[in-house]
1. Output the Kirkwood hydrodynamic radius of segment 221-309, Cα pairs only, in Å rounded to one decimal.
2. As an exercise, use a Förster radius of 35 Å and the Cβ-Cβ distance of Gln411 and Glu436 to find the FRET efficiency, rounded to the nearest 0.05.
3. With θ taken as phi - 60° and the coefficients 6.51, -1.76 and 1.60, list the Karplus ³J(HN,Hα) couplings across segment 89-97 in order, rounded to whole Hz; mark glycine and proline as x.
4. First compute the accessible area of the chain with a 1.4 Å probe, then give the percent of it belonging to carbon and sulfur atoms.
5. To the nearest 10 square angstrom, how much accessible area does Lys294 have with a 1.4 angstrom probe?
6. Applying the Karplus parametrisation 6.51 cos²θ - 1.76 cosθ + 1.60 with θ = phi - 60° to the phi angles of segment 600-609, what ³J(HN,Hα) value in whole Hz is obtained for each residue in order, glycine and proline being reported as x?
7. Which cross-chain or sequence-distant (5 or more) residues have an amide H under 5 Å from the amide H of Thr134, H modelled 1.01 Å from N in plane?
8. P(r) tail for segment 273-599, what percent of Cα pairs lie past 28 Å?
Amino acid sequence: VTLSEGPHHVALFKDSSREFDLTKEEDLAALRNEIEIRMRNSVKEGCTVSTETISLSVKGPGLQRMVLVDLPGVISTVTSGMAPDTKETIFSISKAYMQNPNAIILCIQDGSVDAERSIVTDLVSQMDPQGKRTIFVLTKVDLAEKNVASPSRIQQIIEGKLFPMKALGYFAVVTGKGNSSESIESIKEYEEEFFQNSKLLKTCMLKAHQVTTKNLSLAVSDCFWKMVRESVEQQADAFKATRFNLETEWKNNYPRLRELDRNELFEKAKNEILDEVISLTQVTPKHWEEILQKTLWERVSTHVIENIYLPAAQTMNSGTFNTTVDIKLKQWTDKQLPNKAVEVAWETLQEEFSRFMTEQKGKEHDDIFDKLKQAVKEESIKRHKWNERAEDSLRVIQHNALEDRSISDKQQWDAAIHFMEETLQSRLKDTESVIEDMVGPDWKKRWLYWIGRTKEQNIRNETKNELEKLIKCNEEHAAYLANDEVTTVRKNLEARGIAVDPCLIKDTWHQIYRRYFLKTALNHCNLCRRGFHYYQRHFVDSELECNDIVLFWRIQRMLAITANTLRQQLTNTEVRRLEKNVKEVLEDFAEDNEKKVKLLTGKRVQLAEDLSK
């Protein structure tokens, strides 16, 4: 029974919403009946008692807050009809509750029977040998006064001289006439009336403060609050000692840091993250455009060279070159380019966001936030979706940029030549590397590093030499080998005892021709440095044609315009949307304690948490 203060005297079971009014006899009868039903239902078949608890709350004015546990009465003999283990079960249940050092033991002794027949006092003595939390209660004193031949025997019991057990206090009470239909009021009246007329009080065998249920309840309350105070004082001393130890450990390990618990650390990290997101808005337009242009070209350069420039350059005249370029540029812009550009912009935004989030700030950097920042970054990026209409607007802008062939000044012409040279030199370097892997090290490396060629590399090298002779004989050679040329090369090699597969000849030719073509294109670039004058006259009366320079200028201009457009989308829309996502993620994380425990970890956090606690 959990007792507590309340405006009305009511009782209710933990698993039921019904309130029993303890001032009404019919409610009291119903409550008793309900308790008996629950007790019977809790006892399993073949058992007499049950370890199952029936939990009841009782509220009322002036009730002290405590828990009363009504245990089954201790028995000395198992009678017929009882389960054989009833005695042991009752002892086990009683011991389990009485062992609690915070429990007050009310040792109830029936005054109407001989005290010597009681075994409860022995049990209590075992559980509380010093009697520091035991109160002895003698019930049915009215019957005892009538039946006991020597009233001094009751005095001996109440003075604690008859039993070997010790107690804080000894009380005598009368709990009615033994009729189950008695009201609480009539029980109280009967008890007061009995003690007023009792010879035990009149002859001073019992003291006034040792009688009545009211005095007993006051004694229990005093005992309860005394134990609470002692317990709290002990806990306070323990807490002080623990806190001193924790503070000492903190000062030794983190002398320059404040004691911030997990929630305080989260707030600090949250402010740092929001500051870092705001830093994105301070990135200069020039930086955005440079990084966007560079990354976009890295992503699309292979397509431009392999699928647009090289096929167009194989054509016979400038008209066919321009037509091929225009068709392929339109197809590329319609299908792939806008999507690639948006992908690059999104990745660039992620990289810049990551850079600000993970950038160590020298001595101010606190690695305790690293896991949290990483999680916020990943979740924010996962939630972010680029504006769906961005690709459509970008496609129109890119179409218009690529259709323009008007190079307005010599500076732009030179920039296009520089751009083309850089691109072709990078491709030539890659091709040279591929050829070196195919044919093995040259004589200088073989001599310096004492390494040789494999059998396949020797075959490749001989094939390369044959193919280079073909190009020397015909500098206008097409990009592909004719079948009769493949046969000729194979027979020439076989004449020298080298068996070669036609596929290997074609594969080697692809790289040899590619190197030759790129070197020729670079020479042509050099010639076109003086070609701007002829370009302005549309190459009329000129043997020099520089349509490839115009193509690279168109590509370069498209990259610059695309980078500018993407930068505007980033700064005007996407950075703000990402900032909003970060705020939402931080709000979600703030409400998720499990997430905070997972992301803010380590000895320092745990020590601060213990100090805070």
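1. Working: mean 1/r = 0.0501 Å⁻¹.
About 20.0 Å, per the Kirkwood formula over Cα pairs.
2. Working: r = 37 Å, r/R0 = 1.07.
After rounding, the FRET efficiency stands at 0.40.
3. 5, 5, 4, 5, 4, 4, 4, 4, 7
4. Working: 18090 of 36120 Å².
Looking at the chain in its full context, I get 50 percent from C and S.
5. 130
6. Each residue of segment 600-609 in turn: 10, 10, x, 4, 4, 5, 5, 5, 5, 4 Hz.
7. Counting only residues 5 or more places away or on other chains, the set is Ile105, Leu168.
8. Working: 30968 of 53301 pairs.
Above the 28 Å cut-off, segment 273-599 has 58 percent of its Cα pairs.
The values are calculated or read from the model by the stated rules, or taken from the named source; none is laboratory data. Because the structure is predicted, anything quoted here is derived from the model rather than measured. Note that each Cβ is placed from the backbone with ideal geometry, even for glycine, and that neighbours are counted across all protein chains shown. Each accessible area value is taken on the protein alone, full model and side chains, heavy atoms only, with ligands, DNA and RNA left out. Shrake-Rupley method; radii C 1.70, N 1.55, O 1.52, S 1.80 Å.
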